[in-house]
Amino acid sequence: MILQTRCLCGRSSPKIALTLPLLRVRPPLILLRKAHTSSSLSKTAKGRSGETPISEIDAKWLARWEETPRTFQSPSTSTKPPYYVLSMFPYPSGTLHMGHLRVYTISDVVARYKHMKGFNVLHPMGWDSFGLPAENAAIERGVDPAEWTDQNIDTMKAQLKRMGARFDWSRELRTSSPDFYSGTQKLFLELYKEGLAYRAPALVNWDPVDQTVLANEQVSKDGTSWRSGAKVEQKYLEQWFFKITRNAPFLRHSLESLRGQWPDHVIRQQENWIGESSGSRVKFPIRIANADGSSHEDVLKIYTTRLDTIFGVQFLALSVTHPLVQKLSETDAGLKAFVDNIPNLPVGTKAGYRLDNVTGFNPILQETAEDGTLLPAGNFDLPVFVAPYVLGGLGTSAVMGVPAHDQRDFDFWQENCPLEPVRFVIVQQGAKDRMVEPRVFTSTTSRVFAAPGLSKGVLNENCGQYAGLGCVIAHQQLFATLKERGMALPSKRFKIRDWLISRQRFWGTPIPIVHCGSCGTVPVKEEDLPVLLPQIKLTGKGGSPLKQAEEWVKTTCPKCGGPAERDTDTMDTFVDSSWYYIRFGMDPDPQHTLMPVDIYIGGVEHAILHLLYARFISNFLAKKTDDKRYLEPFRRLITQGMVHGKTYQDPQNGRFLKPEEVDSIDGGPAFDKNTFVEVNITYEKMSKSKYNGVDPTECLNKHGLDATRAHMLFQAPVADVLDWDETKIVGMQRWLAKVRTLAARAEVEVEFHRTTGAYSKNMVAEDAPQASALLMRELRSAVAGVTSSMEDVYSLNTAISDLTILTNYIHGITSESVGPEAYILAVETLLKLMSPVCPAISAECWEYMHGPRSLLEEQKWPEEEQFEVKDVKDTVDIIVQVNGKYKVTLSDQPLGWVDEYDVQEWVYDQVMETEEGQRVLSGREVKNVIVVRAKNLVNILT
């Protein structure tokens, strides 16, 4: 007799009648299971389908994690290997956005995974709490910036906890705390002692109405002040710098050690920003005429990569900040006026100021006496200019002007010496070795116009004994000549400029320097740190806010004890973030300082400056302490993509529409509710103006932390832009509901074992060993896949795929088909693998199965070796008898043939496809088909 049965997954399938002996033992087992299931479900509040509501599960485990915080144990007391997981700390703006949710979900997943792998994990969190927004809020609202910042931190901290992130809050820091910024000030003093912190003039944005310096972000796109509306000016003021250029060679070449651990595009960005080039440093003699009619000689050091063009030098140009320019401007009123007016000149100006009392000499023209000695320099006929297009702090802050072979030099020469010809010294070779000179045109006013020759070729007759040489060979010979004369050395130049750290704002770390009339610039004594911020009322007017705190400004000189004034600048907030990771990793025992960070996770928008500054500071400390652990601060870097939101835009007028103004069809078009016009749907960076932002807390409350986290990871690879589509989160909810169903089934088997002391064997299918072996193969594959994704991090989306595939596989089997032990192991393994991603529901399911004394997060991560995979045939040979006599063998049939097919019809069709079957069964009426499943035997009765 054939019975139609229904499996636990809800699918109907034909089943062959069970034998009577097995039927006798089934009722007691069913009753036991039903009784226990009913009892278990009554333990919790009933929600949909008798399940605990997701909101209650979230609340329960959030409270549990709050009661039992996870803290890092000192390596001196822990036997577990330490592992430092760090995500870039946020600015406390008031609320988290979806970008925050993404990066902190990633870091929490990594930290939870490493904990289960047996590591002593440090996963700290803090706040980048100094900065301009808090100061602006204080000005606009009339509140204390510290109070505003602390309120925002409270809000955002609650949001971080709501998302289930298990940070080590015992190490929480905020950069605006005196306890932290005393360390920032000490770092400044250490750099100052080593000559790496210095003061020099620099261009700043100046509001002429409010009489204050503005940060770049305070200048509107039209060049006006965001506060007063005045046209922003630029002027030179004394500013503090860190000499990052001194470490440029290390910062560039140490990047090689990070390949394979940092994203390639980040390394390229760092390389380009540092901008290494190889060239020569050449001394150009100059003669300076004094006011009394006398003169003296000096040299200008020039960096060049085109020594082959040295015969074409027609002028020398100095940056505004060159020491010679600064000195001469003290006595040259015209020069001072020119320098002061530079901020008013248009961008890219080629204006220049000729130093009439300074002339230069080309060192390659110096002659040699018969005895081989150098004769004194000849005619000093090279004009020397001050030129805004020459960048200060880059190389030597001076260039040799070669108008014929450099576009910027050419434009400058045409602007300042329009009647002077351009001297070409390089020519190109034509198709038949024909020399081709650049074309030169002369206007009716005798002004010379030309196009510079930028390509390399051969030196022409203007180059004396070097004429006819190719540029590469000429460069080598010219360098050898100048080096022999002591006028040139090989040199490298870096595009990177020194780090300007001065900010004329209040809400930042005070610079620990005093200015004394007798002693000059004097550092504050270390024992007097921190230099605390004073209490003042911020108005946004009157220059640097700290200048208003007269009692605070007036102090005594640490060196002579005389009257002095504190420096009224504060530090760039990048200084705070350049060392916060070191503060997190500090241990009472310096031998156990957790450096470098094992894995650092954050936005790619910080791929240049923050990472570069952190590398600079860490490298400085490595040299200072002779501790190689600080050479590079971040062993591995993970950069996640941005989160974009669904955006609706009117195609006719470009107006952005709010979601509530739109009727949309899932996966289809959307229409303006008022005009019925179809609107454009795009995904763009979330912003208030585009009405495409999503509140993370609202999403967490609506869908639960597990579904939200899983959806966040599943929608895109970590490095890619994530187009947030909340409508698709239902897929994760269905998956998690299925997991809960599996846990309920497994709990029945666990309780049976707990009650009887043994697993139920009588109900297990006879082919369970084969099915169990296939299950082990699936588990091994899932463990390998999920573990690989956890280690790689960038492919966490595939971990979710592997978990859902494993879930569906387990959902398609029963404890009877594989055996209760294998079934329980499968569900336990699934819960372990999903625990880092979905910590609440997986923990709830585990507790449901094993009770509150067994915590899932304290279980060991599964290893592939746990799942022994035996060679199992996926097919079977079916013996077919007719009226009890053997007739034919159906070879290589599907393993689950009994469950998968209508046995009577299927067997008959298979047998009739054989010659023997046609001979025996043709013309006969089949009365019954008996299946002996254990022996893969079919007896056809005719």
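Looking at the range 355-371, is at least one residue in contact with a strand residue (DSSP E or B) (Cβ under 8 Å, 6 or more places away or on another chain) and loosely packed, with under 11 Cβ neighbours inside 10 Å? Yes, the conditions are met somewhere in the range 355-371. Within the range 779-808, the set of residues being surrounded by 19 or more Cβ atoms within 10 Å (Cβ to Cβ), under 28 Å from GLY851 (Cα atoms) and not polar (S, T, N, Q) comprises LEU779, ARG780, ALA782, VAL783, VAL786, MET790, ALA799, ILE800, ASP802, LEU803, LEU806.
Taking helices (runs of 4 or more DSSP H) that do not extend beyond the range 792-858, which have at least 3 residues that are assigned by TED's automatic domain parsing to the domain that holds VAL110, touching a residue at least 60 places away in the same chain (Cβ under 8 Å) and more than 29 Å from the chain's Cα centre (by Cα)?
Values: elements: 796-811, 815-818, 820-834, 839-850.
In the range 792-858, no matching helices (runs of 4 or more DSSP H) lie anywhere.
Per the conditions (1) assigned to a strand (DSSP E or B); (2) among the aliphatic types (A, V, I, L, M); (3) surrounded by 15 or more Cβ atoms within 10 Å (Cβ to Cβ), the sole criterion not satisfied by ALA622 is (1).
Scanning the range 72-129 for residues that are touching a residue at least 12 places away in the same chain (Cβ under 8 Å), hydroxyl-bearing (Ser, Thr, Tyr) and either farther than 23 Å from ASP150 by Cα or not assigned by TED's automatic domain parsing to the domain that holds LEU173 (or both) yields SER74, SER76, SER78, TYR83, TYR84, THR105, SER107, TYR113. Restricting attention to the range 525-552, the residues being more than 28 Å from TRP148 (Cβ to Cβ) and part of a loop (DSSP other than H, G, I, E, B) number 1. Report the residue count in the range 398-419 for those that are in a loop (DSSP other than H, G, I, E, B) and either surrounded by 22 or more Cβ atoms within 10 Å (Cβ to Cβ) or free of Cβ contacts under 8 Å to residues at least 12 places away in the same chain (or both). Here the count works out to 1. For the range 372-390, filtered to residues that are of a type outside the set (Val, Ile, Thr) and surrounded by fewer than 12 Cβ atoms within 10 Å (Cβ to Cβ), the residue that is modelled with the highest pLDDT is ASP381. Among the residues of the range 156-213, those identified as small (Gly, Ala, Ser), over 25 Å from ILE139 (Cα atoms) and in a loop (DSSP other than H, G, I, E, B) are GLY164, ALA165, GLY195. With respect to the conditions (1) farther than 28 Å from ALA111 by Cα; (2) at pLDDT 95 or above, LYS559 falls short on a single one, namely (2). For the range 562-588, filtered to residues that are closer than 25 Å to TRP127 by Cα and among the charged types (D, E, K, R), the residue that is modelled with the lowest pLDDT is ASP587.
Each residue in the range 629-641 was checked for being in a loop (DSSP other than H, G, I, E, B) and in contact with a Phe, Trp or Tyr (Cβ under 9 Å, 6 or more places away or on another chain), and 4 pass.
Here's the yes/no breakdown for (1) in contact (Cβ under 8 Å) with a residue 60 or more places away in the chain; (2) in contact with a helix residue (DSSP H, G or I) (Cβ under 8 Å, 6 or more places away or on another chain):
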{"position": "ARG141", "(1), (2)": "no, yes"}
{"position": "GLN151", "(1), (2)": "no, no"}
{"position": "PHE167", "(1), (2)": "no, yes"}
{"position": "PRO178", "(1), (2)": "yes, no"}
{"position": "GLY183", "(1), (2)": "yes, yes"}
{"position": "PHE188", "(1), (2)": "yes, yes"}
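Take ASP666 and decide whether it is over 30 Å from TYR613 (Cα atoms) and touching a Lys or Arg at 6+ places or on another chain (Cβ under 7 Å). Answer is no for this residue. Listed by first and then second residue, the pairs with beta-carbon distance under 6 Å, at least 6 apart or on different chains, first residue in the range 321-341 and free of Cβ contacts under 8 Å to residues at least 60 places away in the same chain, second β-branched (Val, Ile, Thr), are SER329/VAL339. As for the range 198-207, it holds no residue that is small (Gly, Ala, Ser) and within 26 Å of the chain's Cα centre (by Cα).
With (1) in a helix (DSSP H, G or I); (2) farther than 23 Å from LYS301 by Cβ; (3) over 42 Å from the mean Cα position of the chain (by Cα) as the list, and GLY468 as the residue in question, which single condition is left unmet? GLY468 satisfies every listed condition except (1). Among the residues of the range 811-834, the one identified as within 13 Å of TYR759 (Cα to Cα) and among the polar types (S, T, N, Q) is SER815. In this structure, PRO862 qualifies as at pLDDT 95 or above, not small (Gly, Ala, Ser) and not in a helix (DSSP H, G or I).
Among the conditions (1) of a type in the set (Ser, Thr, Tyr); (2) within 25 Å of VAL931 (Cα to Cα); (3) touching a strand residue (DSSP E or B) at 6+ places or on another chain (Cβ under 9 Å), TYR794 misses just one, which is (2). Among the residues of this structure, VAL524 does not count as one that is buried (at least 17 other Cβ atoms within 10 Å of the Cβ), over 27 Å from ILE244 (Cβ atoms) and touching a Leu at 6+ places or on another chain (Cβ under 8 Å). Counting only strands (runs of 3 or more DSSP E) that sit wholly inside the range 642-731, those with at least 3 residues that are of a type outside the set (Phe, Trp, Tyr) and in contact (Cβ under 8 Å) with a residue 60 or more places away in the chain are 643-649.
Mind checking which residues of the range 722-737 are β-branched (Val, Ile, Thr) and surrounded by 15 or more Cβ atoms within 10 Å (Cβ to Cβ)? Talk me through it step by step, then tell me what you get.
Here is the first cut: in the range 722-737, the ones β-branched (Val, Ile, Thr) are 727, 729-730.
ILE729, the sole residue that qualifies.
The values are calculated or read from the model by the stated rules, or taken from the named source; none is laboratory data. Keep in mind that what you see is a predicted model, and the values were worked out from it rather than measured. Here the Cβ is made from the backbone with ideal geometry for all residues, glycine too, and neighbour counts use every protein chain on show.
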